[in-house]
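Below you'll find the structure, written out as C-alpha cells, and then a few comments.
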Amino acid sequence: MATGSRPWGALLLPLLLLPAACRAGGGCAGEGGPLEPFDALYASGVEAYYGGDFAGAARCLERALRSRRELRAARLRCRRRCRAQVLPWVSDVMSHGQKGSLPYAGGSLLCAGCLVLVSFPTISPSIGVKECSINGCVHCPTSPTHLVFLILLQLNKLEEAANAAHTFFMANPEHMEIQQDIENYKTMAGKVDLIDREARQHMEDYSAGVRHYDKEEYELAIDFLERALKGYYSEDEDCQLMCEGPQRFEEHEYLEYKAGLYEAIADHYMQVLACKHDCVRELATRSGRISPIENFLPLHYDYLQFAYYRVGDYVKALECAKSYLLFHPDDEDVLENAGYYEGLLEGTMDPDTVKPRKEAKMLLRRHKLESHLLQVAAAGLGYTYTEPNYWNRYGARQDEHSVPSSLSSEPDDGPRLSLAKKPMPKPDRELKEGGPLLYSDVKFVYNSQQLNGTQRVLLDNVISEEQCRELHRVANGIMLAGDGYRGKTSPHTPNERFEGATVLKALKYGYEGRVPLKSARLFYDISEKARRIVESYFMLNSTLYFSYTHLVCRTALSGQQERRNDLSHPIHADNCLLDPEANECWKEPPAYTFRDYSALLYMNADFEGGEFIFTEMDAKTVTASIKPKCGRMISFSSGGENPHGVKAVTKGQRCAVALWFTLDPLYRELERIQADEVIAMLDQEHLGPSEMNINPKDEL
C-alpha cells in the first residue's frame, strides 16, 4: 500500500493508547487510590473540625490540598501529551491526503478522552469552594490552609501551624489576627524561617535574587535570577496549558445558545486566547494578590545585565541588556549600558554577534500575535477589547547602577556609576504641606521631615482639656463593645477590649436625651475642625470629604498583660494591603483604596503603652513614635508610604477620634451626610450648637 494511503486505523492506534498513558503516568490517581474530589475532602474536614475531631480534620484538609495539586498536575500531563502526540498526529494525517475538519475533530476527541479521566464533579458548591479555582483556594475566606492552621493549633503542632498561618497570611495580608499570631510564634520560637506552602518558586527565586543584588552579592544574584527566569518560562507553559480548560460563555444562556460550529469555536477560542494572553499578568502576581509586580519579566534582564557586568561577563551583560530592550527599546539608561558593554567587547569580538535571548524573543513575538488576534476578533465578532499595559516601564529597577556610555576608559576600580535613577510614576496629585492651621490655638509640633516620612504632621491643642473630658463623658454614654469592628470586641489582640461609636449615633443619643445634646454635637464639631485643618495644612486643591469617623477606646484587660509582646493594632496602611515580604503595598480590595488622608485626635494620656508608631515598609523598622495626649493630632496620607500601628495598651483606657478622608465624593461617608441633615434640623429647631465654634474666624 502506498504511503499516501495508509489506513486511518494505523494512524489512530498510538492515539487510542493516550488515555491509558495518562493513567500510567499517575495523573488519575493519588497515592493509595484514585484522585478524590478536593471539595468533598474539604467538606469532610470542615465537618470533622466542628465535630471536635481535629486529627481527622487535619488529614482530610491535607488530602484536599494534595488532591488539588495532583488534579492540576494530571491535567497538565494530559495536555502536554496532547501537544506532544495528538497535534503531530493531526499534521501527519493531513500530510497524507486527509482533508477537511475530520483530523482536527479526531485529535480534539482524543485529547478530551484523556482529560475526562482526570475530571470529577464538584459536589458541594455551597461550602465556599465554588469560587475557588483549582489554582488558588488559599485566599478564600474558608480556605483549607486557614483551617489547617486552626486545627494544628488545637493539636499543638506549632511549627506546622506557623507555616500554615504564614501561607494564609501571604495571600491575606489584611488578616491582622493571623499576623499577630505569627509574630507571637516568632517571639516564642526565636529566629525561624517560615515556609509559604503555596509559594511560586519563580517568584521566590526572583525575590532572593533581588535581595542578593541589593547586597551587591552579584554572583548569587545571577544564580537566583537565572533560576527565576527558567522557572518563569516553565510556569508560562503551564499557564498556557491550564487556559485550555472550561470557559464561561457569559453573554449567552446555555440552553438558548444557538451559535453554529464556527461561531462556537471562535467564542471559546477567544476566551482561551485572552486567558493565555493574560499569563503575563498571572505570573507576575503573588498568591492572593490582584495587582501584578509591574514590568516583572523585563526586570529580570535589567538586574542581570548589571550583575553580569559587575562579575566581568560582558557578553552576558550585553545579551541581557539587549533582551531587556526587546520590551523597552527606548530605555535610555539601558541603551547607554548596552553601548558601554559593546565598547568593552570591541577588539575581542564583534558585539553584533551577541543577540537577545531566544526565549524572550519568542515570548514577545507570541504575545504580540495574541494581541493582534484578540483585536481582530473583537472587531469581527462585535465585542470590545482594550490591550492592558503589560510592560509598564515605571516598574523599574530603583538603584544607582547605570553605566554611562560616555566613559571612554574604565578606572582602576571599574566605571563610575551614574546617580540617575529610573523615573517613578507621578502621583495622582501634587504633594504639598505647610499650609495654614486656621486656628490660633492649634500648635504645630513636627512636619514630615521631622517625622522621618512623607505627608505627615503632628499638632497639639486641637481641642482643649475641657473638651477632652466632655468628649470622654459622651464616649462612656454611647460606645458599644465591637462597634466598628463587625461586633468583634477584641479585633486586633485578645488582650484589649475595643469599643466605639459614630457621629450619627452620638447625635441620635443626644436628640433622644440619653446624653447631653451639646456634648453629642461636640463630637461632630471637632471632627469637622480636624477635617478643615488637614485640608488646609496639606494644601489640597479639592474638597476633602469624610470617609469614616469613629470614636474608639481600647482598654487593657486585667490579668492578660504579663510578658505581652503583641501590638494593640498591627502595622498596616490605610488604603492598601501591606506586604512586608514583597516590600509592596497592594492598592486593591479588600483595602479601602479610596482613602486619601487619615487623622487621629487623642483624648487622654492616663494609660500605659499605646504609642502610635510609623514604620518602614518592612513593618519592623520604626521611623517615628508618638505618645498620645489630650488635644494631640497626628495626620498623614493613607497610602503605603505611611505604614503605622499602635503599641500594646498595657494599663488603662486609650481613647481617640479616628478620621479617614477621601478626595472622591463618590465615597463620602453616608452616616456623615445623615449627620449633616440632623445638624441642619437641630439648627432649625434652635437646639443650638456646642459651645465650640468650628468656623475659623481666628484664622492665622
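Considering the stretch 196-220 alone, what residues qualify as being within 22 Å of the chain's Cα centre (by Cα), in a helix (DSSP H, G or I) and not hydrophobic (A, V, I, L, M, F, W, C)?
Scanning the stretch 196-220 gives Gln201, His202, Glu204, Asp205, Tyr206, Ser207, Gly209, Arg211.
Which of the residues that make up the stretch 440-474 are of a type in the set (Phe, Trp, Tyr) and under 29 Å from Ala501 (Cα atoms)?
Phe444
Could you tell me whether any residue of the stretch 240-257 is modelled with pLDDT under 90, open to solvent by 20 Å² or more (accessible area, probe 1.4 Å), in the same structural domain as His372 (by the TED database) and under 21 Å from the mean Cα position of the chain (by Cα)?
no
For the stretch 557-568, which residues satisfy the criterion of being in a loop (DSSP other than H, G, I, E, B) and either polar (S, T, N, Q) or touching a Phe, Trp or Tyr at 6+ places or on another chain (Cβ under 6 Å) (or both)?
Within the stretch 557-568, Ser558, Gln560, Gln561, Asn565 meet the criteria.
State all residues of the stretch 496-515 that are open to solvent by 30 Å² or more (accessible area, probe 1.4 Å), in contact (Cβ under 8 Å) with a residue 40 or more places away in the chain, not basic (Lys, Arg) and not in a helix (DSSP H, G or I); if no residue qualifies, say none.
Result: Glu499, single match.
Six or more apart or on different chains, Cβ atoms under 7 Å: show the pairs whose first residue is in the stretch 650-672 and at positive phi and whose second is among the acidic types (Asp, Glu) and open to solvent by 70 Å² or more (accessible area, probe 1.4 Å).
Gly652/Asp606; Gly652/Glu608
Please determine whether any residue of the stretch 530-539 is assigned by the TED database to the domain that holds Gln653 and modelled with pLDDT under 85.
No: the stretch 530-539 contains no residue that is assigned by the TED database to the domain that holds Gln653 and modelled with pLDDT under 85.
In the stretch 558-591, how many are of a type in the set (Phe, Trp, Tyr) and surrounded by fewer than 16 Cβ atoms within 10 Å (Cβ to Cβ)?
0
Suppose the filter is at pLDDT 85 or above and under 22 Å from the mean Cα position of the chain (by Cα); does Asp193 pass it?
no
So for the stretch 475-482 (the condition being in contact with a Gly (Cβ under 9 Å, 6 or more places away or on another chain) and open to solvent by 60 Å² or more (accessible area, probe 1.4 Å)), does at least one residue qualify?
yes
In the stretch 532-556, which residues are open to solvent by less than 30 Å² (accessible area, probe 1.4 Å) and in a helix (DSSP H, G or I)?
Passing the criteria: Ile533, Val534, Ser536, Tyr537.
The rows are residues; the columns are (1) out of contact with any Phe, Trp or Tyr (no Cβ under 8 Å at 6 or more places or on another chain); (2) open to solvent by 90 Å² or more (accessible area, probe 1.4 Å); (3) part of a loop (DSSP other than H, G, I, E, B); (4) without any contact (Cβ under 8 Å) to a residue 24 or more places away in the chain.
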{"residue": "Asp333", "(1), (2), (3), (4)": "yes, no, no, no"}
{"residue": "Glu336", "(1), (2), (3), (4)": "yes, no, no, no"}
{"residue": "Tyr341", "(1), (2), (3), (4)": "no, no, no, no"}
{"residue": "Gly347", "(1), (2), (3), (4)": "yes, no, yes, yes"}
{"residue": "Asp352", "(1), (2), (3), (4)": "yes, yes, no, yes"}
{"residue": "Lys355", "(1), (2), (3), (4)": "yes, yes, yes, no"}
{"residue": "Arg366", "(1), (2), (3), (4)": "yes, no, no, yes"}
{"residue": "Glu370", "(1), (2), (3), (4)": "yes, no, no, no"}
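Answer yes or no as to whether Ala573 is in contact with a Gly (Cβ under 7 Å, 6 or more places away or on another chain) and under 26 Å from Arg289 (Cβ atoms).
Spelling it out, Ala573 is indeed in contact with a Gly (Cβ under 7 Å, 6 or more places away or on another chain) and under 26 Å from Arg289 (Cβ atoms).
Output the number of residues of the stretch 439-465 satisfying the condition of being touching a helix residue (DSSP H, G or I) at 6+ places or on another chain (Cβ under 6 Å) and either surrounded by fewer than 20 Cβ atoms within 10 Å (Cβ to Cβ) or not in a strand (DSSP E or B) (or both).
Adding up the residues that qualify gives 1.
Just to be sure, is Pro628 in contact with a Gly (Cβ under 8 Å, 6 or more places away or on another chain) and closer than 30 Å to Arg521 by Cβ?
yes
Quick one: would you say Asp223 is open to solvent by 60 Å² or more (accessible area, probe 1.4 Å) and either not in a loop (DSSP other than H, G, I, E, B) or not assigned by the TED database to the domain that holds Leu578 (or both)?
Here the answer is yes, as Asp223 does meet what is asked.
Within the stretch 265-324, can you find the residues that are among the hydroxyl-bearing types (Ser, Thr, Tyr), surrounded by 22 or more Cβ atoms within 10 Å (Cβ to Cβ) and under 26 Å from Ser371 (Cα atoms)?
The answer is Tyr301, Ser323, Tyr324.
Look through Leu522, Leu458 and report the one residue that is in contact with a Phe, Trp or Tyr (Cβ under 9 Å, 6 or more places away or on another chain), in the same structural domain as Asn604 (by the TED database) and hydrophobic (A, V, I, L, M, F, W, C).
Result of the check over Leu522, Leu458: Leu458.
Could you list, in sequence order, all residues of the stretch 357-406 that are under 22 Å from Glu226 (Cα atoms), small (Gly, Ala, Ser) and modelled with pLDDT of 70 or more?
Ala360, the sole residue that qualifies.
Only one of (1) in contact with an Asp or Glu (Cβ under 7 Å, 6 or more places away or on another chain); (2) within 27 Å of Leu504 (Cα to Cα) is not met by Tyr597, so which one is it?
Tyr597 satisfies every listed condition except (1).
Picking from Leu65, Leu11, Leu61, Leu41, which residue would you name as being open to solvent by less than 50 Å² (accessible area, probe 1.4 Å), at pLDDT below 55 and assigned to a helix (DSSP H, G or I)?
The unique qualifying residue is Leu11.
The values are calculated or read from the model by the stated rules, or taken from the named source; none is laboratory data. Only a predicted model underlies this, so the values are computations on that prediction, with no experimental measurement involved. Glycine gets a Cβ as well: all are built from the backbone with ideal geometry, and neighbour counts include every protein chain shown. Note: areas computed on protein heavy atoms with side chains; ligands, DNA, RNA excluded. Shrake-Rupley method; radii C 1.70, N 1.55, O 1.52, S 1.80 Å.
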